Structures are given as C-alpha cells and as structure tokens.
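Only one structure is covered here, and it is reproduced in the block below.
Derivation of every value follows stated rules applied to the coordinates shown; laboratory data play no part. Remember, predicted model here, so these are calculated numbers, not experimental data. Positions of Cβ are backbone-derived with ideal geometry, glycine not excepted, and every protein chain shown enters the neighbour counts.
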Amino acid sequence: MLHFGNVNPDGIRSIKGSKLADFDVLKSVNIDKQLLAAKDSWYKIDGTICFFKKREDGRVFGEKISEDIVDSLGIETANYEIVNLNGSQGLLTSNFQDVDKYRYYDLYNLVDLLPFHVRGQMTFKEILEFLSMQNIAGKNELIQELIDRYVLEWVTIQTDGNPHNLMFKYDAENNRLALAPSYDRERCFGITSKESFADTSIWVPAIPYEDQDFKKNPYFFDNELDANIVALYFDYPEETTKALSRIFGIDYEAIFKKYAKSSSQISLPMSTISYLCDIINKKSKEKEKIIAL
C-alpha cells in the first residue's frame, strides 16, 4: 500500500471557534438552504467567516496539492489551511464570496439566473452549449475557463467536480457571468477517505462530457484515450488545445517536491511523489495522442 504522507503537527495552528447559526451564514454566503443543512460547519475566526472540513485522512493532501496546482495556473482558488479547530484536525478556508458585488450560483441553482430545462443530470457538453447561447458579457472567457478546469480535472483525476462544486459569480451591473474561485478538489489522484490510492486507470468525472450513463459504464475512446476529453477536443478543438497547453505548461514535479520538506504542513514520501509524477507523465503522453487525432 502506497502511503499518502504525513501531517506536520508543528505546522498546525490550534484555534477555537463557535459555529455560526444558519441565518448568520446566509447574510454573507449565497448557498442553497438545503445544502447548508449538510454543510453547516461555518465559523467566525478572527472576524472572518470560514468553512471547516474535519479531515484526518489523505484528503488533506489532495486539497493542498490541488490548491497549489490551480494557483500555479493562475486560476482563482479557495485557500486551505490545515488547523486544529476545537480539538479536531481539518481544513479551514475563508469565505471567498463577495456578496456585495456578486450573486453566486452553483450549477444546480444557476437556473434561477438563466432558466433552462434540465433533463436529469446535465452533461458538460450541454452546459457549454447552453452558456454559448446566452446574452451575457464574458461568455467566451467563461467557456474557455470551464474547459480549462475540466481538462485539469482529467489530468489530476478529480472525481468530485459535482454541480455543487461548480460555482459561478454574476455581476448584475455589467451583466457579466464568470467562475468563482475553484474549491473542494480533495478527491484527486485516486485519493479517497481511505489510507490508500484508488485505481486511477480510468477517470470517472462527476459530470460526464456527453454520455449521461458514463459514470455507470465508463469507457475509453480506444484502449488508451479518455472518451470525455477526446469528445471535448472534437467539439472544441481550439479551446481544448489552449487548455492542454496551459495545463501541461507548469512544473508538477516541483509542486510535488515542495512537500518533500518536513517544514511544510504536509510531507510526502518520494514513493508518493514518484506515483504522482507518473500520473502526470501518462496524461502528457495521452495528450499528445489526442491532439494528433
């Protein structure tokens, strides 16, 4: 079994906090009340509203590593800190929403802003096609970043990019829709709540590209190429090529090796770093075959 790594107890702050009541959260956060009932771990820490996820397993590594990757790409990201809150270890992130300037919608409640008919679960292709027909400023930039993030989920084998984790921000004054900072990426590279990596031989995205049954019956385009990314490339070749260039333009090995140091909040053994680098190398080879189609 491949060991995730270790959390450095000397690098973790111990803090105290009181949970906020739902009505206090709703003053500063645009969140569906039903979702808030399940995600109610909101606190006020040093005057700032924060969300806390109790985590004592490999998911702390997934969140921290993917945060560094997203940040290296110049994509806005929620920032996570491993803390000990009221005696429990977990991930603390400040509320990134600016409700005085924007309204925020996840994919489920985007219908409140842009009415559309949903037949079961939307595919990623349907999302792109729907947005392309809207009369909103920033539409082309929004579609490009959505594709960038989707390709990144494939590269990092992120399996929890569900509709609640796809957040949009709307500037009513300028009729502009954009993506809110990326967040909740802890289940990447085969990391689950267990202390070992899951099989990463095939990526099963939370939002399949065009086949709604893909999650039940995942398949490759051929014996090597991911069906979701190939279909995306066929439909949006220019945007997907830009995304691939951007995402493979950063030094993943340097990001991983940053955590070989015991001074960071988490430390990864070289066996895990080699495992992560092998995934990136495999994806890079797959990318070359896709753009050669």
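Some values worked out for this structure:
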read-out: Net lengthening on full extension, Val204/Leu36 (0.36 nm per residue, minus Cα-Cα); value: 57.8 nm
read-out: Lysines with Cα under 20 Å of Lys261, excluding same-chain neighbours fewer than 8 positions away; value: Lys64
read-out: Residue-averaged 222 nm ellipticity for the chain, from DSSP H runs of 4+ at -39500 (n - 2.57), nearest 500; value: -10500 deg cm²/dmol
read-out: Rough spin-label spacing in nm, given labels placed 7 Å along Cα→Cβ, for Ser193 and Asp171; value: 4.0 nm
read-out: For region 165-293: Kirkwood Rh in Å [reciprocal of mean 1/r, alpha carbons]; value: 17.3 Å
read-out: Interatomic Cα distance distribution for region 1-147, bins of 5 angstrom, percent; value: 2, 7, 14, 16, 17, 17, 13, 8, 5, 2, 0
read-out: For region 199-244, fraction of C-alpha pairs farther apart than 16 Å, in %; value: 39 percent
read-out: Pairs of alpha carbons in region 55-99 whose separation is greater than 12 Å (percent); value: 64 percent
read-out: Alpha-carbon centroid distance for the pair region 1-72 / region 129-202, whole angstrom; value: 19 Å
read-out: Under the span-like rule (Cα at least 18 Å along the axis, Kyte-Doolittle mean at least -1.0), DSSP H helices of the chain; value: 59-72, 139-155, 270-291
read-out: Label selected from [x] 20.2, 62; [y] 19.3, 55; [z] 20.1, 73, the criterion being Rg and Dmax of the Cα atoms in Å as computed here; value: [y]
read-out: Cross-link partners of Lys53 among aspartates and glutamates (Cα-Cα below 16 Å; sequence separation of 8 or more within a chain); value: Asp40, Glu63, Glu67, Glu81, Asp160, Asp184, Glu186
read-out: Region 214-254: GluC sites (Glu not before Pro) in DSSP coil with no more than 12 other Cβ atoms inside 10 Å; value: Glu224
read-out: Orientation-averaged projected area, Cα convex hull of region 134-237 (nm²); value: 7.7 nm²
